[in-house]
Amino acid sequence: MKDFETADSAEKVYDLIIKNAPTRASIFIDVDDTLITPKSKTFKKPPYNQIIDRIKENKSSYDHYEEIISNWRLQRKVILIDEEWVEVIHKLKEKFPVYGLTQMNTGAFGNIPSMQDWRYKELKELGIEFSDNEKLVIYNSGQKDEAIFYKGIFITGNHSKGGTLSKFSEELNARLMG
């Protein structure tokens with residue numbers, strides 16, 4: 001048995017999960033550059049794909065940082081990396097809880113009243129909806145940039161993806177390696 005399998009399509013991911021995942025598994029799918037990516041070619045190839053990251057890294061240099069980034073997010077379009085993701089997630093949800101994981105702010109941000117609601121709607125417009133879990137919602141503090149669970153999506157706030165999943169691991173009955 002191999003320790004790692006590679007998958008170059010959503011359908012291959014589905015096949016590997018069905019073949020290898022225990023029946024009580026929860027499935028976590030990274031949203032960022034796994035499910036979706038900016039439609040504009042400008043933000044796909046170096047050095048332009050690093051413009052927003054550079055602004056984020058130097059946010060103290062920008063007086064209106066949140067407005068700059070929020071306006072970019074509001075005007076940009078995203079596409080599915082693989083059109084099959086919609087069907088794959090739907091099929092996986094018939095057998096497992098399927099959650100999204102995304103690295104982004106939470107709460108109000110510039111001209112976006114709720115980053116978590118904005119991301120949820122962005123994914124929903126593409127046909128992506130994850131499994132909800134009422135038990136996880138109670139852990140949402142309401143604090144800006146706190147790691148939260150929103151309509152099937154784990155959103156990091158100013159935390160790492162691993163730290164975000166660790167926050168919810170007990171309620172998920174999960175043992176996270178890392």
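Over 30 Å from residue 15 (Cα atoms) and not in a loop (DSSP other than H, G, I, E, B): does that describe residue 69? Considered against the rule, which asks whether it is over 30 Å from residue 15 (Cα atoms) and not in a loop (DSSP other than H, G, I, E, B), residue 69 comes out as yes.
Quick check, is residue 70 in contact (Cβ under 8 Å) with a residue 40 or more places away in the chain, touching a Phe, Trp or Tyr at 6+ places or on another chain (Cβ under 9 Å) and not hydrophobic (A, V, I, L, M, F, W, C)? Yes: the conditions hold for residue 70. Here region 94-113 is the region considered, the condition is being closer than 18 Å to residue 37 by Cα and part of a loop (DSSP other than H, G, I, E, B), and the residue that is nearest to the chain's Cα centre (by Cα) is 103.
Summed over region 94-119, the residues that are touching a strand residue (DSSP E or B) at 6+ places or on another chain (Cβ under 7 Å), surrounded by 21 or more Cβ atoms within 10 Å (Cβ to Cβ) and of a type outside the set (Gly, Ala, Ser) give a count of 7.
Only residues that are of a type in the set (Ser, Thr, Tyr), in contact with a helix residue (DSSP H, G or I) (Cβ under 7 Å, 6 or more places away or on another chain) and within 24 Å of residue 81 (Cβ to Cβ) were counted in region 123-178, giving 3. Checking every residue in region 45-62 against the condition of being surrounded by 13 or more Cβ atoms within 10 Å (Cβ to Cβ), under 30 Å from residue 133 (Cα atoms) and either among the hydrophobic types (A, V, I, L, M, F, W, C) or more than 17 Å from the chain's Cα centre (by Cα) (or both) gives zero matches.
Read the figures in this text as sums done on the coordinates, not as results from a lab. Computed from a predicted model, the values in this text were never measured in an experiment. Please note: Cβ atoms are built from the backbone with ideal geometry, for glycine as well, and neighbour counts cover all protein chains shown.
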